[in-house]
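The structure under discussion appears below in the form of structure tokens.
The values are calculated or read from the model by the stated rules, or taken from the named source; none is laboratory data. What you are looking at is a predicted structure, and each value in this text was computed from that prediction instead of being measured. Cβ placement follows ideal geometry from the backbone for every residue including glycine, while neighbour counts extend to all protein chains displayed.
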Amino acid sequence: MEVISGKELSAAMKKEMAEKVKKYAVEYGRVPNLVVVLLGEDPGSVSYVTGKTKAADEVGIKNSTITLSDKTTEEELLSLIHGLNEDKTVDGILVQLPLPKHIDENKVIETIAKDKDVDGFHPLNVAALWQKRPCILPCTPKGIIRLIKSKGIEISGKKAVVIGRSNIVGLPVAKLLLDENATVTITHSRTKNLAEVCAEADILVPALGKPKFVKKEMIKEGAVVIDVGVNRDPETGKLCGDVDFDECAPLTSYITKVPGGVGPMTIACLMENTIECYLHNVGAR
Ligand code: NAP
């Protein structure tokens, strides 16, 4: 069993990106510019935004956070996004989700210019992903594939099982695994015999958001397990994944930990997406 460290891999990616950004700055006369929009003071969202802006600083990406009240109207938010879309010096726009209930998230996502959509959530980017056309990939699924590939693990022909079918993780990671020629099963809360289905997986990607849900009987001997969940352990109050790491890890060939697995990769891929949007914006791509 080997732990795949997202922390180490993301650190290497950020270092490499920092070098590139320095070169781009000379070539194109400015560095990439990411604008993050945060509504309200939810501690989870604030901490995610802090993680993203810290990574941007490390990579040399100019960044700013526009913090608005959670009473901001949908109209005000959409008007801010329109302004950022038109601002040629802005390469990437990220509106931290979830948004307050009175704001339609879909409307916000589709208002962000598709070429500045660093999260890869815009319907045109999603459609392009499903048609295998060039697009901005969503960060978490992109990071998951990177983690698997970083160890030279063969995906082609393998049985992959994803637990969860959300727009941000389950569905896109299933599509990316399919694009890598895995035979993919997407499972969810109505799946019958989930444990048996999972126990057939060569590659298991739990993304359901239930602490330590995946137990050893759900793991095939030698499986690769990429744990996407971010939960609080009800007993210890500490961060934990969807996988019961202590009992599952010995059965696996490769496994990720929470924290230090998928989370840092999501952020590194966000930086990559920002640089991609920048290169597009300056006319390099
Ligand atoms: P979500 O939108 O709540 O979706 C959860 C999915 O899991 C749903 O499709 C749901 O099925 C399925 N599910 C729930 N209970 C289940 C059960 N008992 N058996 C089988 N399937 C079940 O969550 P999400 O946004 O995809 O996030 C999933 C987890 O990943 C969360 O812990 C989140 O914090 C974490 N996450 C981590 C990162 C990162 O960067 N590390 C990024 C994004 C998300 P139905 O569709 O049938 O309801």
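For the stretch 1-36, residues that are polar (S, T, N, Q) and part of a strand (DSSP E or B) total 1.
Return yes or no: is VAL205 under 15 Å from PRO141 (Cβ atoms), in a strand (DSSP E or B), touching an Asp or Glu at 6+ places or on another chain (Cβ under 9 Å) and not aromatic (Phe, Trp, Tyr)? So VAL205 passes the test. Within the stretch 188-207, the set of residues being within 9 Å of the ligand (Cβ to nearest atom) and crowded, with 23+ Cβ neighbours inside 10 Å comprises PRO206, ALA207. Just the residues that are in contact with a Pro (Cβ under 9 Å, 6 or more places away or on another chain) and either hydrophobic (A, V, I, L, M, F, W, C) or within 19 Å of ILE153 (Cβ to Cβ) (or both), please, taken from the stretch 208-218. Once the filter is applied, which keeps residues that are in contact with a Pro (Cβ under 9 Å, 6 or more places away or on another chain) and either hydrophobic (A, V, I, L, M, F, W, C) or within 19 Å of ILE153 (Cβ to Cβ) (or both), the stretch 208-218 yields PHE213, VAL214, MET218.
Taking first residues from the stretch 257-268 that are within 15 Å of SER47 (Cα to Cα) and near the ligand (Cβ under 8 Å from one of its atoms) and partners that are assigned to a loop (DSSP other than H, G, I, E, B) and at pLDDT 95 or above, the Cβ contacts under 7 Å between residues at least 6 apart in sequence or on separate chains come to GLY263/VAL230. When you look at ASN85, is it without any contact (Cβ under 8 Å) to a residue 60 or more places away in the chain, touching a Ser or Thr at 6+ places or on another chain (Cβ under 9 Å) and in a helix (DSSP H, G or I), yes or no? Against the criterion (without any contact (Cβ under 8 Å) to a residue 60 or more places away in the chain, touching a Ser or Thr at 6+ places or on another chain (Cβ under 9 Å) and in a helix (DSSP H, G or I)), ASN85 qualifies. If the condition is being under 27 Å from GLU154 (Cβ atoms) and assigned to a strand (DSSP E or B), then the stretch 227-274 contributes VAL243, TYR254, ILE255. Check the stretch 230-250 and report whether any residue there is buried (at least 20 other Cβ atoms within 10 Å of the Cβ), of a type in the set (D, E, K, R) and within 29 Å of GLU58 (Cα to Cα). There is no residue in the stretch 230-250 that is buried (at least 20 other Cβ atoms within 10 Å of the Cβ), of a type in the set (D, E, K, R) and within 29 Å of GLU58 (Cα to Cα).
The residue list LYS238, LYS220, LYS212, LYS216 contains one member that is more than 23 Å from ILE168 (Cα to Cα), under 24 Å from the mean Cα position of the chain (by Cα), among the basic types (Lys, Arg) and more than 11 Å from the ligand (Cβ to nearest atom), which is LYS238. On the stretch given as the stretch 12-50, residues that are touching a residue at least 24 places away in the same chain (Cβ under 8 Å) and under 30 Å from THR252 (Cα atoms) total 3.
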